[in-house]
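Chemist: Have a look at the structure that comes next, please.
FYI, it's all coordinate maths here, none of it is from the lab. Keep in mind that what you see is a predicted model, and the values were worked out from it rather than measured. Cβ coordinates were reconstructed from backbone atoms using ideal geometry, including for glycine residues, and neighbour counts include every protein chain displayed.
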Amino acid sequence: VFTFEIIEKISHESNRRYSDHRNKENNGRLIVFKKELKIDKLSFSFSNDIVILKEINFTIQKGETIGIIGRSGSGKTTLLNILLRFYKEKEGSIQVDGLSLREEDTPSWRSLIGYVPQEVFIFDGSLAENIALGEDPENVNVNLLNQVIEKANLADLVKSWENGIYTQIGERGGKLSGGQKQRIGIARALYKGAEILFFDEATSALDVETEEEITNSIKELSSGDHQLTIIIIAHRYTTLKYCTRIIELAEGRVVEEMTYEELKERAQKEALGSTP
């Protein structure tokens, strides 16, 4: 999987300027997301012989929390990379309020999205610098920073530090737990102004208790701000507890759409069936 946050560090300022002024040189458009994100008959292959995704169709309403599941090789990661615009679909389209994304729209689209991976990138600097990734320290919006710290459930931790947001958190976040790193990833995306949050197996390396904490944070994000749309790529079904819908992929196709309760019931039956 591509390290989106490293690319974001390089392009953060140019993306923000793009959103304000648009890039007339390559005819990029300002993408606005108010109603729905539609994946329409989307197909992808690395060659003519190997088809990875086959006519994927589903629509996400603004404010929804959607889970995407599937076994290894089902196409989840490829679909994520297309949504992040690292891959380009071979057929079909991604439509934002009816507008099909073009390659030249990528900077504007990326200004709308945030990505929280399994392993959040942390560098040797202060908490403020790590959240306001790519900002010059003197340009950090402290009011906004405190708002996103609150939304990401980091406020109590920050209050416990003598230097608050200016606390040095160590190389690779050595002073932080896995759950705290995940929350920094969430705060970073919110600071950037993301309207769509992608979680990519974000809790798979966490213990059960910490996973529950992050899952509850996702619940608060989705219920506290109805403008925030959340898409969770997950292996553990417990991560999807607060999803409005869950979409299952198999062999590059959408095979089922279900609620969390339906997924939980199926998982329990499968577990019972595998018991000697």
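Chemist: Looking at region 75-82, can you tell me whether even one residue there is surrounded by fewer than 19 Cβ atoms within 10 Å (Cβ to Cβ) and at positive phi?
Modeler: no
Chemist: Give region 103-140 a look and list any residue that's free of Cβ contacts under 8 Å to residues at least 40 places away in the same chain and not aliphatic (A, V, I, L, M), or say none.
Modeler: Within region 103-140, GLU103, GLU129, ASP136, PRO137, GLU138, ASN139 meet the criteria.
Chemist: Let me ask something else. Of everything in region 57-70 that's crowded, with 23+ Cβ neighbours inside 10 Å and of a type in the set (A, V, I, L, M, F, W, C), which residue is farthest from SER222 (Cα to Cα)?
Modeler: Looking at residues that are crowded, with 23+ Cβ neighbours inside 10 Å and of a type in the set (A, V, I, L, M, F, W, C), I get ILE69.
Chemist: Can you name every residue in region 237-259 that is on the phi < 0 side of the Ramachandran plot and more than 19 Å from the chain's Cα centre (by Cα)?
Modeler: If we filter region 237-259 for residues that are on the phi < 0 side of the Ramachandran plot, which is where we start, we get 237-250, 253-259.
Selection gives ALA250, ARG253, VAL254, VAL255, GLU256, GLU257, MET258, THR259.
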